[in-house]
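The structure under discussion appears below in the form of structure tokens.
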Amino acid sequence: MVRAIALSVVLALGLAVVASAVAPRPLQAQERLAPNPDIEAVIGGQFDAFRSDDLMGAWQFASPGIQSMFGEPERFGMMVEQAFPMVWEPGAVTFIDLQSLGSLIVQRVEVIDRNGVAHYLGYAMIQTENGWRISGVEILDAPGIGV
């Protein structure tokens with residue numbers, strides 16, 4: 001019981017940190033960037049790993065900070081399964097756009113889940129010595145129609 005409570009606290013804290021990594025920052029100019037195939041490959045690779053039940057593969061696309069926060073692929077997987085079921089079992093994935101919010105790089109993605117429901121996610125990305133990695137994910141509001 002104590003272990004379950006401790007794990008719940010770790011998952012909740014982890015979710016709070018992940019959400020804060022991609023939360024909109026006030027007073028920062030938002031700039032739309034050209035598509036980045038390397039960023040799309042990282043995010044797409046993680047979706048492919050989840051589709052293949054390859055938790056270790058999905059873990060490899062997470063930033064060192066996320067890996068440090070969760071400590072092991074199994075805890076990371078539990079968080080994704082509980083908080084982001086559309087990522088855990090994704091259907092179709094479409095890359096919407098890449099944005100710069102100050103120093104934060106966010107790839108917006110549309111995910112159609114297994115039930116045909118559209119979800120919009122913001123993937124905060126960081127560049128490491130091993131290439132781009134996912135440093136957080138936030139569920140976004142659906143984009144407005146016609147602006």
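Just for region 99-112: of the residues that are under 13 Å from Ile126 (Cα atoms) and among the hydrophobic types (A, V, I, L, M, F, W, C), which one is farthest from the chain's Cα centre (by Cα)? Step by step, filter region 99-112, then rank; the result is Leu101. Going by the structure shown, is Val80 crowded, with 17+ Cβ neighbours inside 10 Å, closer than 21 Å to Asp38 by Cα and under 13 Å from the mean Cα position of the chain (by Cα)? Answer is no for this residue.
Scanning region 91-137 for residues that are assigned to a loop (DSSP other than H, G, I, E, B) and either aromatic (Phe, Trp, Tyr) or without any contact (Cβ under 8 Å) to a residue 60 or more places away in the chain (or both) yields a count of 7. Return yes when Glu129 is surrounded by fewer than 16 Cβ atoms within 10 Å (Cβ to Cβ), out of contact with any Pro (no Cβ under 8 Å at 6 or more places or on another chain), at pLDDT 95 or above and among the acidic types (Asp, Glu) and no when it is not. So Glu129 passes the test.
Residue-wise test of (1) at pLDDT 95 or above; (2) over 17 Å from Ala41 (Cβ atoms); (3) surrounded by fewer than 18 Cβ atoms within 10 Å (Cβ to Cβ); (4) of a type in the set (A, V, I, L, M, F, W, C).
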residue: Phe76; (1), (2), (3), (4): yes, yes, no, yes
residue: Val87; (1), (2), (3), (4): yes, no, no, yes
residue: Gln107; (1), (2), (3), (4): yes, no, no, no
residue: Gly122; (1), (2), (3), (4): yes, yes, no, no
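Looking only at residues of region 49-61 that are surrounded by fewer than 16 Cβ atoms within 10 Å (Cβ to Cβ) and not polar (S, T, N, Q), we find that the one that is nearest to Gly131 (Cα to Cα) is Gly57.
The values are calculated or read from the model by the stated rules, or taken from the named source; none is laboratory data. Just so it is clear, the model here is predicted, and its values are computed rather than measured. Glycine gets a Cβ as well: all are built from the backbone with ideal geometry, and neighbour counts include every protein chain shown.
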